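> Structure provided below as structure tokens; questions to follow.
The values are calculated or read from the model by the stated rules, or taken from the named source; none is laboratory data. A quick note: this is a predicted structure, and the numbers were derived from the prediction, not measured. Counting neighbours? That spans all protein chains shown, and the Cβs are built from the backbone with ideal geometry, glycine included.
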Amino acid sequence: MNAIEIKHADHQDLELLALLGRVTWAETFGTLFQREKDVKDYVDTNFSISAIKSYLENPNTYFWLAYYNGFPVGYAKIENHVKTELVQGTKVCKLRNIYVLKDFHSKKIGLALWSIMLEKVKELQCDKIWLAVLHTNDKAIKFYKDNEFYTVGDFNLNIGIDSFIMNIMVRECH
């Protein structure tokens with residue numbers, strides 16, 4: 001039987017989080033860039049050991065690791081108390097990342113990560129959760145809409161020489 005296991009990640013998982021972050025982000029977005037250098041620069045900055053360590057040291061950031069048959073295949077991250085002018089609320093959190101290795105996309109691992117994250121959002125008593133998603137990522141947008149998110153606006157994200165339109169989506173938490 002195939003088993004999905006989700007565990008809360010901590011400092012002992014630092015290297016694994018950095019590696020999964022690099023690989024899953026590059027798998028998801030790498031082909032959208034004009035220059036390979038920009039992908040490398042982005043992952044070197046955002047998924048470095050020091051970057052992940054600083055997130056792990058932030059008491060408002062929560063990570064989870066997903067395992068499939070004992071193999072690490074994905075992770076998720078939320079951050080509490082993150083507001084933007086388009087998302088107003090008393091207690092607002094942001095879904096920063098939910099990524100799964102491409103070879104495991106059909107295994108419902110993202111859904112398992114999502115369920116664990118929602119439990120934490122309820123525990124934190126957040127009134128809203130928001131995220132930014134690439135406007136052409138139809139699969140992710142459908143997933144979020146199916147889970148009660150709605151679009152409130154967008155912004156341009158510039159990485160290297162490329163510019164991407166990101167939708168901001170929000171979900172009310174009851």
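> State whether the residues of region 56-64 include one that is in contact (Cβ under 8 Å) with a residue 40 or more places away in the chain, in a loop (DSSP other than H, G, I, E, B) and over 16 Å from the mean Cα position of the chain (by Cα).
No: region 56-64 contains no residue that is in contact (Cβ under 8 Å) with a residue 40 or more places away in the chain, in a loop (DSSP other than H, G, I, E, B) and over 16 Å from the mean Cα position of the chain (by Cα).
> Counting only residues that are out of contact with any helix residue (DSSP H, G or I) (no Cβ under 7 Å at 6 or more places or on another chain) and closer than 12 Å to residue 93 by Cβ, how many does region 51-76 have?
1
> Please indicate, with yes or no, whether at least one residue in region 42-61 is of a type in the set (A, V, I, L, M, F, W, C), within 22 Å of residue 135 (Cα to Cα) and in contact with a Phe, Trp or Tyr (Cβ under 9 Å, 6 or more places away or on another chain). Spell out the reasoning first.
Residues of region 42-61 of a type in the set (A, V, I, L, M, F, W, C): 43, 47, 49, 51-52, 56.
Checking which are within 22 Å of residue 135 (Cα to Cα) leaves us with 43.
Okay, now just the ones that are also in contact with a Phe, Trp or Tyr (Cβ under 9 Å, 6 or more places away or on another chain), so 43.
Taking every residue of region 42-61 in turn, at least one turns out to be of a type in the set (A, V, I, L, M, F, W, C), within 22 Å of residue 135 (Cα to Cα) and in contact with a Phe, Trp or Tyr (Cβ under 9 Å, 6 or more places away or on another chain).
> Look through 133, 121, 152 and report the one residue that is surrounded by 13 or more Cβ atoms within 10 Å (Cβ to Cβ), farther than 27 Å from residue 67 by Cβ and not aromatic (Phe, Trp, Tyr).
Values: 133 fails: farther than 27 Å from residue 67 by Cβ; 121 fails: farther than 27 Å from residue 67 by Cβ.
Selected residue: 152, the only one of 133, 121, 152 that is surrounded by 13 or more Cβ atoms within 10 Å (Cβ to Cβ), farther than 27 Å from residue 67 by Cβ and not aromatic (Phe, Trp, Tyr).
> Pairs under 8 Å by beta carbon, first residue on the phi > 0 side of the Ramachandran plot in region 31-52, partner surrounded by 14 or more Cβ atoms within 10 Å (Cβ to Cβ) and not acidic (Asp, Glu), six or more apart or different chains?
Close Cβ pairs satisfying both conditions: none exist.
> Give the residues of region 125-174 that are of a type outside the set (A, V, I, L, M), in contact with an Asp or Glu (Cβ under 8 Å, 6 or more places away or on another chain) and within 21 Å of residue 34 (Cα to Cα), sorted by residue number.
Narrowing region 125-174 to residues of a type outside the set (A, V, I, L, M): 125-128, 130, 135-139, 142-151, 153-156, 158, 160, 162-164, 167, 171-174.
Next cut, in contact with an Asp or Glu (Cβ under 8 Å, 6 or more places away or on another chain) only: 127-128, 135, 148, 160, 162, 167, 171-173.
135, 160, 162, listed by residue number.
> Checking the structure you have, find out if any residue of region 30-47 is over 17 Å from the mean Cα position of the chain (by Cα), farther than 19 Å from residue 158 by Cβ and assigned to a helix (DSSP H, G or I).
No: region 30-47 contains no residue that is over 17 Å from the mean Cα position of the chain (by Cα), farther than 19 Å from residue 158 by Cβ and assigned to a helix (DSSP H, G or I).
> Something else about it: May I ask you to verify whether residue 23 is in a loop (DSSP other than H, G, I, E, B), out of contact with any helix residue (DSSP H, G or I) (no Cβ under 7 Å at 6 or more places or on another chain), surrounded by 13 or more Cβ atoms within 10 Å (Cβ to Cβ) and hydrophobic (A, V, I, L, M, F, W, C)?
Here the answer is no, as residue 23 does not meet what is asked.
> For the list (1) surrounded by 13 or more Cβ atoms within 10 Å (Cβ to Cβ); (2) modelled with pLDDT under 95; (3) more than 24 Å from residue 170 (Cα to Cα), I need the number of the one condition that residue 91 fails.
(3)
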